[in-house]
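Heads up, the thing below is written out as structure tokens.
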Amino acid sequence: MKRSKQIELLLKTLPHSPGIYQYFDKEGNILYVGKAKNIKKRVSSYFNKIHDSGKTKILVSKIADIKTLVVETEFDALLLENNLIKKYQPKYNIMLKDDKTYPWICIKKERFPRVFSTRRVIKDGSEYFGPYASVKVMYTLLDMIKELYPLRTCNYKLSEENIAAGKFKVCLEYHLGNCLGPCEGYQTEEEYNEIVKAVRNILKGNFNEAKEYMNTLMLDYAQKLKFEAAQKVKERIEILQNYQARSTVVNPKINNVDVFTVLSDSEYAYVNFLKINNGAIIQGHTFEYKKKLEELDLDILQNAIVEIREKFNSLSREIYVPFSIELEIPNVKIMVPQIGDKRKLIDLSLRNAKYFRQERFKQSNIIDPDRHVNRIMSQMKKDLRMPVEPRYIECFDNSNIQGTNPVAACVVFRNGKPFKKDYRHYKIKTVEGPDDFASMEEVVYRRYKRLLEEEKPLPDLIVIDGGKGQLSSALKSLDKLEIRGKVTILGIAKRLEELFFPDDPIPLYLDKNSETLKVIQNARNEAHRFGITFHRNLRSKGAVHSELENIKGIGEKAIVQLLKKFKSVKRVKEASKKELVEVLGVHKGGLVYQYFNS
């Protein structure tokens, strides 16, 4: 099927995460909402195969834009899809009949609270847990609660006056031991509320106590040879282990709220907006802002909140943001959540902003690779406080295993990418034994002495693999060559990925997802790989020398013949005298056989 360039670009940059995808036509009307465990695979399947359904063919032909919203789990994606279909009623989705799609467990707000399943969420102060995509899981929980804790199932109004007047009598549940008779005053409200507290913990997912009880029960059944009963308890435990306590996507405690978060780099800022209505996410958008000056995230977020709320005509009375802001909106409460489900919404919003930014990076790299490189170089200049962009980087690493064959490697990166043509490796000449500091001093001196003699340009940035010690050794060489200060130099310590600068005792810590840190890490890892490869080659040659060249009467030509035939020294050792004679003749073959078998 023929696809537009816009769709081709979007398909290449979709996330491999669970979430929902929305298809729009060229007028911006929503055509379809779908859920996926892997958004990229699911959406790509629409465009990579021939569809039998004529309706699907028409849908695909109308798609002009694709938007996504990532979530934590496939279950959350299912709930979010449900919310968006109800709100937008897309033309190509199967319509949902009503709002009673998923059941909840309710702890009713009343004296001696009942615990029961319901499909209606009533805002009367009651607590609701769920929703449950699996009714089996919900009833397993309710059955377990019933077994563990005596709770009333009647719907009597158990006020103090009614109980004192003796209006109610205990029912069969009391005589079966499933209820302790609060209706006749046999159980106090404090005792009952302690039970409700334990039930609340189970519904929140804190059911260690319940699992211990059920494990004990299962073992007891097994010892009494009641294997069917033990198997049922085991199945119940497995269901509980897979139980999801709460969804951030649908939470009746959070109602009519706007969530805003911001991410930025040197050129662009990305503001994500989530709208929560009646406890469910019903909108999610990320907006890209081009920076004109050195705007702070605080200023960008404040301006975006005003603009986006006006754009979507939002009347929400609460706003969640990731950090404190100075904005004041009449009759609107602005909060910075720290824990719980409200904080999870901030995290979800940030995750979507990050995915949007990653998609934009990938798209810009495909359309305009120079823009992508320019942005990274600009960010590195800012992060490392450099006078120029680090277009030309050299990174050094020593390789010294058990004190043998000490070598060093110098790798070159241009515009953030490896430039293998200019890689160099060095045998350490002036240092005795395993001395990383002296080896670093030697190799840095040799590298830049040669560049100066050949009148070649110096790098914009030198990266030394190691902490303060290796950096200090490299600086000694720069001082000898009188080029210190003409080039930026830093050391990277692997344990905490600390960046050390000359004359600064405090290391720089960059965000682990920072592109600046990733470029430096790539250079360090490439230098390590290149140095290790050279070191292994030297050790391999040393092994051949010590084993074959030490045989008197066997020259280089004979060694080549042996390795060509047997591929390794080990196989030469294992060869029979007849095999060796066939390759080298009677005399030389006999010498080799005698050397390894005497």
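The values are calculated or read from the model by the stated rules, or taken from the named source; none is laboratory data. What you see is a predicted model; the values in this text were computed from it and never measured. With ideal geometry, Cβ positions are generated from the backbone for all residues, glycine too; neighbour counts draw on all protein chains shown. Calculation scope for accessible area: heavy atoms of the full protein, side chains included, ligands and nucleic acids excluded. Shrake-Rupley method; radii C 1.70, N 1.55, O 1.52, S 1.80 Å.
Points worth noting:
- Positive minus negative residues near D465 (Lys, Arg vs Asp, Glu; Cβ under 11 Å): -1
- Fraction of accessible area attributable to carbon and sulfur, the range 406-473 (%, probe 1.4 Å): 48 percent
- For the set K87/K333; K41/K342; K476/K512; K420/K456; K35/K86; K40/K417, the pairs lying more than 20 angstrom apart at their alpha carbons are K87/K333; K41/K342; K476/K512; K40/K417.
- Other-chain or far-sequence residues with amide H under 5 Å of T73's (modelled H): none
- Largest accessible area first, the residues R152, R343, R529, R450 order themselves as R450, R529, R343, R152 under a 1.4 Å probe with ligands, DNA and RNA left out.
- For the range 385-489, the solvent-accessible area works out to 51 Å² per residue, with a probe of 1.4 Å and every protein chain left in place.
- When each of the peptides 517-528, 371-382 is scored by the mean number of other C-beta atoms lying within 10 Å of its residues, the order from highest to lowest reads 517-528, 371-382.
- The local environment of E173, defined by Cβ-Cβ distances under 11 Å, has a net charge of +2 under the rule Lys, Arg +1 and Asp, Glu -1.
- With all protein chains modelled, accessible area of V306 [1.4 Å, Å²]: 70 Å²
- Relative to the Cα centre, the charge distribution of the range 36-188, modelled as +1 at Lys and Arg Cβ and -1 at Asp and Glu Cβ, gives a dipole magnitude of about 880 debye.
- Figure note: D25, D258 ranked by solvent-accessible area, largest first, 1.4 Å probe, ligands and nucleic acids not counted: D25, D258.
- The range 279-375: C-alpha gyration tensor shape, a/c 1.5 cut-off, then a/b vs b/c: prolate
- Counted over all Cα-Cα pairs of the range 354-501, pairs farther apart than 26 Å make up 31 percent.
- Sorting the segments 162-170, 470-478 by their mean number of nearby beta carbons within 10 angstrom, highest to lowest, gives 470-478, 162-170.
- Compactness relative to 2.2 N^0.38 Å, alpha carbon Rg of the chain: 1.41
- Alpha-carbon centroid distance for the pair the range 164-189 / the range 58-94, whole angstrom: 50 Å
- Only Lys, Arg (+1) and Asp, Glu (-1) charged, at Cβ; the chain dipole about Cα centre in debye: 2620 debye
- Note on K570: lysines with a C-alpha under 16 Å away, same-chain residues under 8 apart excluded, are K541.
- Karplus-derived 3J(HN,Hα), 6.51/-1.76/1.60, for each residue of the range 106-119, Hz, glycine and proline x: 10, 9, 5, 7, 6, 5, 6, x, 7, 10, 8, 8, 7, 10
- Over the range 46-182, relative contact order from alpha-carbon pairs under 8 Å, at least 6 apart, %: 16 percent
- Amide hydrogen neighbours beyond the local backbone of E498, cut-off 5 Å, H modeled: A493
- The residue list I163, N398, S568 was ranked by how far each Cα lies along the charge dipole of the chain toward its positive end, using unit charges on Cβ atoms, and S568 comes out on top.
- In percent, rounded to a whole number, the relative contact order of the range 314-473 is 16, using alpha-carbon pairs under 8 Å and six or more apart.
- For D397, the amide hydrogen comes within under 5 Å of the amide hydrogens of A409, counting only partners 5 or more places away or on other chains and with H modelled in the peptide plane.
- Shape call, the range 42-176: gyration tensor on alpha carbons, a/c limit 1.5: prolate
- Contact order, relative form, for the range 21-64: 46 percent (alpha carbon pairs under 8 Å, 6 or more residues apart, mean separation divided by residue count).
- Since only N208, H528, G467 are under comparison, the one whose Cα sits farthest along the positive direction of the charge dipole of the chain, derived from C-beta charges on Lys, Arg, Asp and Glu, is H528.
- Within the shell defined by Cβ-Cβ distances under 13 Å, the residues around Y289 carry a net charge of -2, with Lys and Arg each +1 and Asp and Glu each -1.
- Net length gained if the chain between R200 and K291 were fully extended (0.36 nm per residue, minus Cα distance): 27.9 nm
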